[in-house]
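A.B. asks: Got a structure for you, written out below as structure tokens; questions coming shortly.
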Amino acid sequence: MFADRDGWYAWQQRYRARLALETGDAAARSAAKRAVNPKYILRNYLAQTAIEHAQTGDFSEITRLHDVLRRPFDEWPECESYAALPPDWAREISVSCSS
């Protein structure tokens, strides 16, 4: 998953060393991260899927995606796939400013 594995391992080692210096517990740290990092973000493949549905007259995916992105910190069990790793086919998506 990382183009630079050595860089990842070096960062991870520094991060773990820093965590050892902190006094807070893991649960509090996790809650703080969730409060500022949204679980759901708009990804190119999510937008592309919604566009393709809309082009057939089905706007339900746009509506659902819009609802989730309006409250990206909330839990959406029925939309858990929006927070998953992109599917393999999404690697082929190329987006430009003129798209």
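A.B. asks: Across region 39-49, in residue order, what do the Karplus-derived ³J(HN,Hα) couplings come to in whole Hz, using 6.51 cos²θ - 1.76 cosθ + 1.60 with θ = phi - 60° and x for Gly and Pro?
C.D. replies: Residue by residue, region 39-49 yields 6, 10, 10, 6, 10, 3, 5, 5, 4, 4, 4 Hz.
A.B. asks: If you project the alpha carbons of region 38-85 onto the principal axes, what extent comes out on each, in Å, largest first?
C.D. replies: 30, 18, 15
A.B. asks: Also, I was wondering about something else. As a footprinting exposure proxy, order T49, T23, T63 by other Cβ within 10 Å, with the fewest listed first.
C.D. replies: Neighbour counts put them in this order, fewest first: T23, T63, T49.
A.B. asks: While we're looking at this one, here's another question. Within the chain, what is the longest stretch that has no GluC sites (Glu not before Pro) placed in a DSSP loop and near at most 15 other beta-carbon atoms within 10 Å?
C.D. replies: Longest gap between qualifying sites, sites excluded: 23-74.
A.B. asks: Order these peptides, 8-20, 32-44, by their mean beta-carbon neighbour count within 10 angstrom, highest first.
C.D. replies: 32-44, 8-20
A short reminder: the numbers here are calculations on the coordinates, not readings from a lab. Source: prediction; values computed, not measured. All Cβ positions, even for glycine, are placed from backbone atoms using ideal geometry, and neighbour counts span all protein chains on display.
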